[in-house]
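> Okay, handing you the structure first.
The values are calculated or read from the model by the stated rules, or taken from the named source; none is laboratory data. Owing to the predicted nature of the structure, the values given are computational and were not obtained by experimental measurement. Ideal geometry is used to build each Cβ from the backbone, glycine not excepted, and the neighbour counts take in all protein chains shown. Accessible surface areas use protein heavy atoms only, side chains included; no ligands, DNA or RNA. Shrake-Rupley method; radii C 1.70, N 1.55, O 1.52, S 1.80 Å.
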Amino acid sequence: YMDPGNWATDLEGGSRFGYRLLWVVLLSNLMAILLQVLCARLGLATGKDLAQSCRDYYKRPAVIALWLLCEIAIIACDLAEVIGSAVALQLLFGLPLVYGVLLTGFDVLAIVGLTRYGFRKLEAVVLTLVGTVAVCFAIQMFLAKPDWAGVAHGLVTPTLLKGSELYIALGILGATVMPHNLYLHSAIVQTRAHDKSHEGVKQAINYNTFDTILALMLAFFVNGAILILAASAFHAHGIVATELGQAHKLLGPLLGGASSTVFAVALLASGQSSTITGTLAGQIVMEGFLHIRVSPWARRLITRSLAIVPAVMIVISQGAEGVEKLLVFSQVVLSMQLSFATFPLMIMTSDRKQMGAFVNTVWLKIVGYLVCVTIAALNMKLLYDGIGKTWLTVTFAVATSFAIWVKFGYKAPKLEKTLTADA
């Protein structure tokens, strides 16, 4: 929840619009808490993660489609990690962006080494990296001296989203409520030992709910701090910082020399922590949807290769400005994929046959589906503004036709029974 994609969207949102999009950060965080709690309930109540549940619930064509869409989201997130880590290496060591992008491909060696020590060790590493990010931004916030009245107003005052505001807002949403993290969370909650009885599962759900709220409130602090920092350090001075490297250079004169170094260290830490979670999510998604198990290094290598190629092409052709645009766009892509994870999640957790006593209550169904519809409507609005009414209608018609065919027209292949002499 604190990857370089968050940095890019929060940085541009704060420097362009001041504190006006703080409520989007808060709302996205609340949505993430709700959806992650539902993921924990699904994983603990059924013993299956979201990908496995989808594989058992939907027909094969729908399963393949959901898997492909989730893979696109993972690649988009990995793209942000590649770019963010490369920018951080350039800021700290002067390494050219192209070489930094290529160097990120070797983090697969670190992933392989860490996974050998067990999941708890991975958690400890991620926590250390995330803690580094939090401390860095606590320092930055202290130095920036923001307008706290403006912060409070932006936090509780929604505004009508349109144009570039809507684009950045959806980037913030996608960077916070990442679709592949829903699959990941529904799986990792099962790694903690708990009693399989009703009371044991209920207790485990309560513990995981507390963990989720605590973790995401920390994420809210960091993501909100980035936007507040950008608003107070840049927007207040009439500066629009649209590049991470540009922000690094501007922070020095405005907040002091150490602040720019702290910024770069935090950026590198966030990229590496997200790399670990991205690898785990990729494994879970592939195994859950397709029942195919791959080693961590192979999974990391495949995803990272698909992310490095477009990053290198953009760096060579457009430079730092193009990289930043690609970074924000990757988070909007995550937002576009959200509905394909949130609606199945609500359907699964509202099914009493699967969930038993832990099925969603009426109020939870209302709030959950309201969140799903809101996310879908905002993305449809962005598509309408971007590709026009005609193409949106065509896209919707194709998607509807596919859904109808899967539901009523698709026939699963029958397995032929062969009688042997022994039988």
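> I'd like to verify a number: residues in region 348-363 that are over 15 Å from residue 44 (Cα atoms) and hydrophobic (A, V, I, L, M, F, W, C), how many?
2
> Here's something else I'd like to know. List the helices (runs of 4 or more DSSP H) that sit entirely inside region 125-242 and contain at least 1 residues that are in contact with a His (Cβ under 7 Å, 6 or more places away or on another chain).
Those helices (runs of 4 or more DSSP H) span 198-233.
> Same structure, new question: Could you please give the count of residues in region 397-416 that are closer than 19 Å to residue 340 by Cβ, out of contact with any Lys or Arg (no Cβ under 7 Å at 6 or more places or on another chain) and modelled with pLDDT of 75 or more?
Residues meeting the conditions: 9.
> Suppose we filter 257, 238 for residues that are surrounded by fewer than 19 Cβ atoms within 10 Å (Cβ to Cβ) and at pLDDT below 70; which single one remains?
Answer to the check: 257.
> Report yes if some residue within region 311-332 is among the charged types (D, E, K, R) and farther than 30 Å from residue 25 by Cβ; otherwise report no.
No, because not a single residue in region 311-332 is among the charged types (D, E, K, R) and farther than 30 Å from residue 25 by Cβ.
> Within region 270-381, considering only helices (runs of 4 or more DSSP H) that don't extend past its boundaries, which have at least 3 residues that are within 25 Å of residue 226 (Cβ to Cβ), open to solvent by 20 Å² or more (accessible area, probe 1.4 Å) and not polar (S, T, N, Q)?
Correct list: 296-337.
> Next up: Within region 52-70, does at least one residue satisfy the condition of being assigned to a loop (DSSP other than H, G, I, E, B), under 17 Å from the mean Cα position of the chain (by Cα) and of a type in the set (Phe, Trp, Tyr)?
Looking for residues that are assigned to a loop (DSSP other than H, G, I, E, B), under 17 Å from the mean Cα position of the chain (by Cα) and of a type in the set (Phe, Trp, Tyr), one finds none in region 52-70, hence no.
> What number of residues within region 4-31 are surrounded by 24 or more Cβ atoms within 10 Å (Cβ to Cβ) and either within 16 Å of the chain's Cα centre (by Cα) or on the phi > 0 side of the Ramachandran plot (or both)?
Going through region 4-31 one residue at a time, the tally reaches 10.
> How many residues, within region 302-343, are farther than 21 Å from residue 88 by Cα and among the hydrophobic types (A, V, I, L, M, F, W, C)?
9
> Also: Where residues in region 96-123 are modelled with pLDDT of 75 or more and not hydroxyl-bearing (Ser, Thr, Tyr), which of them is surrounded by the most Cβ atoms within 10 Å (Cβ to Cβ)?
Residue satisfying both the conditions and the ranking: 101.
> Which one is modelled with the highest pLDDT among residues in region 1-49 that are assigned to a loop (DSSP other than H, G, I, E, B) and among the hydroxyl-bearing types (Ser, Thr, Tyr)?
Looking at residues that are assigned to a loop (DSSP other than H, G, I, E, B) and among the hydroxyl-bearing types (Ser, Thr, Tyr), I get 19.
> Another one. Restricting attention to region 51-61, does a residue exist that is under 30 Å from residue 106 (Cα atoms) and touching a residue at least 60 places away in the same chain (Cβ under 8 Å)?
Among the residues of region 51-61, at least one is under 30 Å from residue 106 (Cα atoms) and touching a residue at least 60 places away in the same chain (Cβ under 8 Å), which makes the answer yes.
> Hey, can you tell me all the residues within region 382-395 that are open to solvent by 60 Å² or more (accessible area, probe 1.4 Å) and either among the β-branched types (Val, Ile, Thr) or modelled with pLDDT of 75 or more (or both)?
Matches in region 382-395: 384, 385, 386, 387, 390, 393, 394, 395.
> Something else now. Select from region 53-90 the residues that are charged (D, E, K, R) and open to solvent by 10 Å² or more (accessible area, probe 1.4 Å) and write down the one among them that is farthest from residue 318 (Cα to Cα).
Among those residues, the one meeting the criterion is 56.
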